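The structure appears below as structure tokens.
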Amino acid sequence: MFGRTSHRFNLIYMEPLKILQQDPWLAPYSQAIEGRHQYTLETKKALTGRKSLSGFADGYLYFGLHKTDKGWIFREWAPNATEIYLTGTFSDWKEQAQYKLKPIGNGVWETKLNPEALHHLDLYKLSMHWKGGKGERIPAWATRVVQDEKSYIFSAQVWDPAEPYTFKKKKFIPKTSPLLIYECHIGMAQEEERIGTYTEFRETILPRIARMGYNAIQIMAIQEHPYYGSFGYHVSSFFAPSSRFGTPDELKQLIDTAHELGIAVIMDIVHSHAVKNEVEGLGRFDGTHNQYFYGDHRREHPAWDSLCFDYGKHEVIHFLLSNCKYWLEEFKFDGFRFDGVTSMLYYNHGLGQAFGSYADYYNGGQDNNAIAYLSLANLLIHEVNPHAITIAEEMSGMPGLAAPFQDGGMGFDYRMAMGIPDYWIKNIKEKKDEDWKPTSIFWELTNRRCDEKTISYAESHDQALVGDKTIIFRLIDDIMYWHMSKNDNNMTVDRGMALHKMIRLVTLSTINGGYLNFMGNEFGHPEWIDFPREGNGWSYKYARRQWSLFDRKDLKYEFLGEFDRAMIGLIKSIRHFEKTPIEKLWDNDGDQILAFRRKDLIFIFNFHPNKSFTDYGILAPAGAYEMILNSDAREFGGYGLVNPDIVHFTMPDPLYKKAKKEWLRLYIPARSAQVLRLKKDPAKKKTKD
């Protein structure tokens, strides 16, 4: 239908791309960087001609099932098919001549039906014939797919309600300064041992998220997937919102309500691979192995038991770009977190590779087709919605991933700081508390490219999956079952809660873009995540969130949740907090003290397990400071050892007069963090006014 783009290209640059100017260490690889940039431009031209990317990505308006003034029209791309029939409840699941598709060229098949041929909620599939075989298939562009409760068989469903949902919030602009993401899963977002719904989430969880202060949700498992336990990462129907959670209209209402609450809705989109299923998914859709996926040794992902898209085929790019636009236009999603980007970037999927130097990013193992697709996806998304948010889940650290395309990057707005949660796990698992080094902590949290924004996080859903442990469970473990009552004093619980708060605050306070938390982890949700499967007796016990633990006034979970709300509120109160420079004021690995400044705020951490310091000196800008957050406060489950009402005045030192720094002397309890704010001088303000 479209063909492929050649790998041959000519470099015709007047000056180096901006990322080459900003980072001289990239100079030896300029040809590779300029080459992939040019290749994307040539791919775009080959795909669109004189069209815009948005005009090109309208496939969802052409393919699939649509109701028109004259009746119904259905189209599908299946170049290897010899015959195709639409079958369903309307035909008693039999092939009938009136529902036969005819080829109209370029591998596209079409049928036109009268208005009464199909009705709302009718079930349907394709009976696909090819040379030497046939099989049932769910249409690739189906926008509604449901599973029979008795037979567990999936079918496409006609979705044509008499009164379709109409969005009340016509225009929404996400608040991204900073971006504070609450990662969530609809099915496990309720307390009962079952699958939750879009409606339940809208009515009960969105108000919680709004109260906590997060300004975005990142929803997992939206695209339809046959196996619930895949966490939504083995997608079968890319255009169909999962029917496990409710109807498309109920999802739209959820998004609309989130927007009314000022919350952006980011979709966890999976374009890195697809489920291997043939009846439910795209595997061997028209009888061939290479319609949507590679047909050779690259077809199957070696680690994920899934199929790898052929990004060099224009029809595949058309399908995936149209998928991006569909979710933006039809459901008003505010952007995407692209899953598995590392797997897409490299022929070896990044498996078994250390990425220890720049040479590892430009050694010929990069997939230019995938890089071109990701770049085009970002261009398209921001063309459709200039305020859209794109985030890359990428662990190799490839330079330019979150740099603008015109500068030589791939155009993501943010990249996930995937090394941070790994760092915290390593610290907790492998080091004694007295061996935690503030110099190491600060370096890990601030070690990033200055030209790319990141999403920092202490833990996401990945760290909570079965076989792993959340931070709180690593710190307290099974003692949580017996000693989380407020009237129960337990040193292990006290230690765990103190470090839980400190880890989150230091991670949040060093962001340069955004922060992410997985639902429930903010209040120390116990245990792990394990979806129903044969190995656990198909149990939902660990595929839910126990909100009642946080709601109970007699348990310490409330302390952690309220601290999370307080620190989120503090960061939101500072205009463009994520853009403010981070200035290290003090670090001492022996004392385990870390202090840094952002604008008028000073963040101070004492990671020492048992040493509290009196009159500890930290060099800071001269002035008077007031405490605005203290992790050791009693309302957050601490010991309340610091008087929050004391105003701290700096003390001059002739040695630091030129640096305009003075000594700030504080009492810093062990395992605690405090945030001080420079008080404004009313006299100076009055003079200025």
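Checking each residue in the range 94-112 for being of a type outside the set (Gly, Ala, Ser), surrounded by 15 or more Cβ atoms within 10 Å (Cβ to Cβ) and part of a loop (DSSP other than H, G, I, E, B) picks out Glu95, Leu101.
Residues in the range 434-452 that are of a type outside the set (Val, Ile, Thr) and open to solvent by 20 Å² or more (accessible area, probe 1.4 Å): Glu434, Asp435, Lys437, Ser440, Phe442, Trp443, Glu444, Asn447, Arg448, Arg449, Cys450, Asp451.
When the range 590-616 is filtered for residues that are surrounded by fewer than 16 Cβ atoms within 10 Å (Cβ to Cβ) and assigned to a strand (DSSP E or B), the ones remaining, listed by number, are Thr614, Asp615. The set of residues in the range 50-87 being more than 13 Å from Glu315 (Cα to Cα), assigned to a helix (DSSP H, G or I) and of a type outside the set (Ser, Thr, Tyr) consists of Leu53, Gly55, Leu61.
Per-residue answers, yes or no, for (1) buried (at least 21 other Cβ atoms within 10 Å of the Cβ); (2) at pLDDT below 95:
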site	(1), (2)
Leu282	yes, no
Leu307	yes, no
Lys313	yes, no
His318	no, no
Ser322	yes, no
Ser357	no, yes
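Of all the numbered requirements in (1) closer than 25 Å to Gly187 by Cα; (2) open to solvent by 10 Å² or more (accessible area, probe 1.4 Å); (3) under 26 Å from the mean Cα position of the chain (by Cα), Tyr481 misses one, and that requirement is (3). Could we say that Ile381 is in contact with a strand residue (DSSP E or B) (Cβ under 8 Å, 6 or more places away or on another chain), part of a helix (DSSP H, G or I), open to solvent by less than 10 Å² (accessible area, probe 1.4 Å) and under 30 Å from Met502 (Cβ atoms) here? No. Exactly one residue out of Lys125, Lys67 is open to solvent by less than 20 Å² (accessible area, probe 1.4 Å) and either among the polar types (S, T, N, Q) or closer than 23 Å to Ser243 by Cβ (or both), and it is Lys125. For the range 42-64, the set of residues classified as out of contact with any strand residue (DSSP E or B) (no Cβ under 7 Å at 6 or more places or on another chain), open to solvent by 40 Å² or more (accessible area, probe 1.4 Å) and either of a type in the set (A, V, I, L, M, F, W, C) or closer than 20 Å to Gly105 by Cβ (or both) consists of Ala46, Gly49, Lys51, Asp58, Leu61, listed by residue number. Of the residues making up the range 125-177, those that are out of contact with any Gly (no Cβ under 9 Å at 6 or more places or on another chain), aromatic (Phe, Trp, Tyr) and touching a residue at least 40 places away in the same chain (Cβ under 8 Å) are Phe154, Trp159, Tyr165, Phe167. Taking (1) free of Cβ contacts under 8 Å to residues at least 12 places away in the same chain; (2) part of a helix (DSSP H, G or I) in turn, Lys325 satisfies each apart from (1). The set of residues from the range 337-361 being over 26 Å from Phe231 (Cβ atoms), assigned to a helix (DSSP H, G or I) and either touching a residue at least 40 places away in the same chain (Cβ under 8 Å) or hydrophobic (A, V, I, L, M, F, W, C) (or both) comprises Tyr358, Ala359, Tyr361.
The values are calculated or read from the model by the stated rules, or taken from the named source; none is laboratory data. What you are looking at is a predicted structure, and each value in this text was computed from that prediction instead of being measured. Reconstructed Cβ throughout: ideal geometry from the backbone, glycine too, with neighbour counts over all protein chains shown. Accessible surface is based on the protein model in full, side chains and every heavy atom, while ligands, DNA and RNA are left aside. Shrake-Rupley method; radii C 1.70, N 1.55, O 1.52, S 1.80 Å.
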